[in-house]
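The values are calculated or read from the model by the stated rules, or taken from the named source; none is laboratory data. Please read these numbers as outputs of a predicted model, since none were measured by experiment. Counting neighbours? That spans all protein chains shown, and the Cβs are built from the backbone with ideal geometry, glycine included.
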Amino acid sequence: MTDSLVAAIDQGTTSTRCLLFDRAGRMVSMAQTEHRQHYPRPGWVEHDAIEVWRNVQRVVPRALRQSGATPSQVAALGLANQRETTVVWDPRDGTPYARAITWQDTRTSALVAALRRGPHAETFRRVSGLSPAPYFAGPRVRWLLDNVPGLRDRAEEGNALFGTMDSWLVWNLTGGPDGGLHVTDVTNASRTMLMDLRTLTWAPELLATLDIPPAMLPEIRGNADLGTSCRTLLPGVEIGAVLGDQQAALFGQTCFDAGEAKCTYGTGAFLLMNVGQHVVDSAEGLLPTVAYQLPGEVATYAVEGSIAMAGSLVQWLRDSLQMIDSAPEIETLARSVPDNGGCYVVPAFSGLFAPRWRPDARGVIVGLTSYVDKGHVARAVLEATAWQTRDVVDAVNRGSGLGLRRLKVDGGMTSNYLLMQCLADVLDVPVERPMVTETVSLGAAYLAGLAVGFWADLQDLRKNWHLAARWEPEMSAARRAREQVEWGRAVERAYGWSPE
Amino acid sequence: MLRMVGAVPHGLALQEIADSLGLAKSTAHGILATLKHVGMVEQDRRTGRYRLPGGPASSRLTGEIDPHLLRSYAMNWTDSLAAHAGEAVLIGVLADTDVEVVHHVFSPDGTRQRLVFGKRFPAHATALGKVLLAFAGWRVPREGGHWLPRYTSRTVVDPEQLHRESLDIRARGHAVAVGELQPDIASVAAPVRAPGGICVGAVAAAGPLDRVCPDGRRPRADLVEQVVATGHAVSGQLEREA
């Protein structure tokens, strides 16, 4: 039996996983290892890139062993990765110049604030599609150039390479110091603030503004256009695809048509809608981004809205308020009451993200009366995730001119049936959970399999998507409208609380 | 009985158990012997007292688990079962004499389906329910020729027959219901156990009778194997997360 499986690596924020899928898109095995989070200063979050690479080398053979497969049965490898996390390393021996600066790290705040005040903010928005924010990779490269002694000289000599996690791993997989390929893909590059979103090439004026030597940049390629094979780990296996994790989830959910969207509910929540072959501007507080680019085709774009707190709010209820023993038990508590009892929670712990972007907001709990008990608070916590999704969906609908007709969901919180029903109720569209909830890995596998002909076309992949559960809207229009007004009023109470 | 035994970390003596439950000592002994045989209680060699396997810690989880927690631990395994078996998958817990569905994964057969959640089914007519009755050590009362409700010609309505089937289910580790609630639906179920061995729920695959039981009587062997393996996998997950 040859070529019976596709392997996916999901290099995530907290762990690195390897999953194997069969031709029907079913998961065959999975291996996972967590890596250390480094918090050297408030607001700094780092990963050790060497540790991450070692974990990749660990999980791939483990997943193979579990399934009883040999590398010769693997038709292709797909890689999905945490986005915006920045690595700079020495190509002569593969040593990173510093720990990887992750997407959660806010050390570039001052640098970005200066950019936003300066004359170039509009250029970044127009060319890269992104208004300068500490979230993106570009300013992190500049920070490293400014703060790692000697790095700028090394970079100009060609002895310092920049990459997001995908570049770092592909370089290592293809030989490292011994001829490793220095590339990235269009989705990861679209999160650097350095790429022209329309031409899909590095933008010289943006590089000049941030004073980043072009010599350190990887070559940008289509998601399934790497045309290279592993030299280690899975020797000879083609690296069929590389893409950012949220885009991978969109692909894994088979959102191939404009207007199709998915939302991943983890610590935070990420909603992406496929908007077709044209960039949709970020006027509504959403991020335009590349969804994917297939070989020989033009890019498909997406808009993205992220919610800072979803699962993390439930964790707060568990760890800080100790109202529940485990996160899933919030559902038991919330079901102990029929409604929120007039209580609303706005989880603006570090401001509000899309589409409101209010860094001055802080969390509030409003509507408290003697009637309200912990069941109502639990319900309000779940409803907050649903209403935040509604805010993003409204913005996406306005910005794209496409109306969301159903929402495909994945991530750990999809095990919460009450939340899923609440989502269907407030969005007024069906909410659908696919049978394979490991959509990030599945998306990477799908693209890699397409690249090597393991799957024939997008239609072939759609056939693999199976519905595991579906929640239909049950709330009356009148009640939905009333609740939306109440939610809006609650959000207003959160504005301006932070003195900053 | 299990709940009572589980509530006392160091176990109970036979006489205490018989007295508390108003059973003859010989009856209590018979039940305990069965429970011991299937590994649901153990007997201290020195004191002769009965307790749950796995030591005092297991008393935390005697027969009940938060259904939402159970679902979150089970979800990856049940998805995988539905994908590989090609049938709908359900998780149920005992609610009085009914089984309550706490998790449902649609069958990937392309038919239009509705989420069955919170719905109750008569335990004696479903594979899920039969597993729960069997492993909870329940004995349906047999007062003066009292028969159980009938739903189809195949429903087991004689409590004595159900009891014999329970013993069989415990020995085999899975239950089967073939057209016993609805004439054209068959299901296979296996127990989900908490650390210590107590059955806290059941997982089932259910589908059209002719697909689940190609011979019209018995479920296909590979399906039984997959359901039992999923029961073990979810139990293993509970063990790891405990």
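Quick look at the values:
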quantity: Within segment B:65-117, tally of residues that are facing another protein chain (nearest Cβ under 9 Å), assigned to a loop (DSSP other than H, G, I, E, B) and within 16 Å of A:Leu418 (Cα to Cα); calculated: 4
quantity: Residue match in segment A:406-416 (condition: part of a helix (DSSP H, G or I), surrounded by fewer than 21 Cβ atoms within 10 Å (Cβ to Cβ), under 20 Å from the mean Cα position of the chain (by Cα) and modelled with pLDDT of 95 or more); calculated: no
quantity: Odd one out for A:Trp387, checked against (1) assigned to a helix (DSSP H, G or I); (2) within 14 Å of chain B (Cβ to nearest Cβ); calculated: (2)
quantity: Members of segment A:156-186 that are small (Gly, Ala, Ser), within 17 Å of A:Leu207 (Cα to Cα) and surrounded by fewer than 24 Cβ atoms within 10 Å (Cβ to Cβ); calculated: A:Gly158
quantity: Residue pairs meeting the criteria (Cβ under 6 Å; at least 6 apart or on separate chains; first at pLDDT 95 or above, in segment A:485-500; second not β-branched (Val, Ile, Thr)); calculated: A:Trp487/A:Trp387; A:Ala490/A:Tyr344
quantity: Within segment A:1-37, considering residues that are surrounded by fewer than 24 Cβ atoms within 10 Å (Cβ to Cβ) and hydroxyl-bearing (Ser, Thr, Tyr), the one modelled with the lowest pLDDT; calculated: A:Thr2
quantity: Strands (runs of 3 or more DSSP E) within segment A:1-116 that include 2 or more residues touching a residue at least 40 places away in the same chain (Cβ under 8 Å), closer than 30 Å to B:Gly86 by Cα and under 24 Å from the mean Cα position of the chain (by Cα); calculated: A:5-11, A:15-21, A:27-34, A:74-81
quantity: Residues of segment A:314-341 satisfying the condition of being closer than 22 Å to A:Ala269 by Cβ, among the charged types (D, E, K, R), touching an Asp or Glu at 6+ places or on another chain (Cβ under 9 Å) and within 11 Å of chain B (Cβ to nearest Cβ); calculated: A:Glu329, A:Glu331
quantity: Selected residue (only one of A:Glu297, A:Glu238 is surrounded by fewer than 23 Cβ atoms within 10 Å (Cβ to Cβ), in the same structural domain as A:Thr184 (by TED's automatic domain parsing) and in contact with a Gly (Cβ under 9 Å, 6 or more places away or on another chain)); calculated: A:Glu238
quantity: Boolean, A:Phe349 is aromatic (Phe, Trp, Tyr), crowded, with 17+ Cβ neighbours inside 10 Å and more than 14 Å from every other protein chain (Cβ to nearest Cβ); calculated: no
quantity: Evaluation of A:Gly453 against (1) in a helix (DSSP H, G or I); (2) more than 22 Å from the chain's Cα centre (by Cα); (3) free of Cβ contacts under 8 Å to residues at least 40 places away in the same chain (one fails), failing number; calculated: (1)
quantity: B:Pro195 within 18 Å of B:Glu87 (Cα to Cα) and out of contact with any strand residue (DSSP E or B) (no Cβ under 9 Å at 6 or more places or on another chain); calculated: no
quantity: Whichever residue in segment A:306-317 is closer than 15 Å to A:Ser415 by Cβ and surrounded by fewer than 21 Cβ atoms within 10 Å (Cβ to Cβ) and, among such residues, is farthest from the chain's Cα centre (by Cα); calculated: A:Gln315
quantity: Near pairs, Cβ below 9 angstrom, 6+ apart or cross-chain, from segment B:168-196 (free of Cβ contacts under 8 Å to residues at least 60 places away in the same chain) to any residue that is basic (Lys, Arg) and in a loop (DSSP other than H, G, I, E, B); calculated: B:Val176/B:Arg218; B:Ala177/B:Arg154; B:Val178/B:Arg154; B:Val178/B:Arg217; B:Val178/B:Arg218; B:Gly179/B:Arg154; B:Glu180/B:Arg154; B:Pro183/B:Arg154
quantity: So A:Val237, is it at negative phi and in contact (Cβ under 8 Å) with a residue 60 or more places away in the chain; calculated: yes
quantity: A:Gly342 being part of a loop (DSSP other than H, G, I, E, B), touching a Ser or Thr at 6+ places or on another chain (Cβ under 9 Å), over 30 Å from A:Gly129 (Cβ atoms) and not β-branched (Val, Ile, Thr); calculated: yes
quantity: Residues satisfying the stated conditions in segment A:193-212, i.e. out of contact with any strand residue (DSSP E or B) (no Cβ under 8 Å at 6 or more places or on another chain), in a loop (DSSP other than H, G, I, E, B) and surrounded by fewer than 19 Cβ atoms within 10 Å (Cβ to Cβ); calculated: A:Arg198, A:Thr199, A:Asp211
quantity: Residue in segment A:61-76 that is under 26 Å from A:Leu144 (Cα atoms), assigned by TED's automatic domain parsing to the domain that holds A:Gly180 and at pLDDT below 95 present; calculated: no
quantity: Segment A:461-478, subset among the basic types (Lys, Arg) and in a helix (DSSP H, G or I), residue farthest from the other protein chains (Cβ to nearest Cβ); calculated: A:Arg462
quantity: Enumerated strands (runs of 3 or more DSSP E) restricted to segment B:136-242, each holding at least 2 residues that are surrounded by 14 or more Cβ atoms within 10 Å (Cβ to Cβ), assigned by TED's automatic domain parsing to the domain that holds B:Tyr50 and more than 14 Å from the chain's Cα centre (by Cα); calculated: none
quantity: From A:Thr267, A:Thr228, A:Thr254, residue being hydroxyl-bearing (Ser, Thr, Tyr) and touching a Gly at 6+ places or on another chain (Cβ under 7 Å); calculated: A:Thr267
